[in-house]
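The structure appears below as structure tokens.
Rule-based calculations on the coordinates, nothing more; no lab input. These numbers were taken from a predicted model, which means no experiment stands behind them. Cβ coordinates were reconstructed from backbone atoms using ideal geometry, including for glycine residues, and neighbour counts include every protein chain displayed.
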Amino acid sequence: MSEKKERPRKFDNFFEEYEDCDVRVVLHNEKIVNGRIVESRKYWMKVKTDSNTYYYINKAWVVYIQPLKVKK
């Protein structure tokens, strides 16, 4: 019998790259949300702003996410 090699785990999104980082989320309608992505699901992300307001954003509306501070 041949042994199967385990493939590296693929992620659904890049949340692990920008968790605990301040980001700018630019939406399709040109609105900008600055804050921290605290949770990410398959279709939704939860963004907490500096004023402790939470936004639940559908990922289909996101044009891009820009990190404001680079992780070291």
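For the listed residue pairs K4/K42; K48/K69; K31/K59, the alpha carbons are over 23 angstrom apart in K4/K42.
Which residues make up the longest stretch of the chain that has no GluC sites (Glu not before Pro) in a DSSP loop with at most 12 other Cβ atoms within 10 Å? Longest stretch, sites excluded: 31-72. Each of the chymotrypsin sites (Phe, Trp or Tyr not before Pro) that DSSP puts in a loop and that has at most 15 other Cβ atoms within 10 Å breaks the chain; the longest unbroken stretch is 44-72. With the alpha-carbon atoms of the chain aligned to their principal axes, the span from lowest to highest coordinate is 58, 29, 18 Å, starting with the largest.
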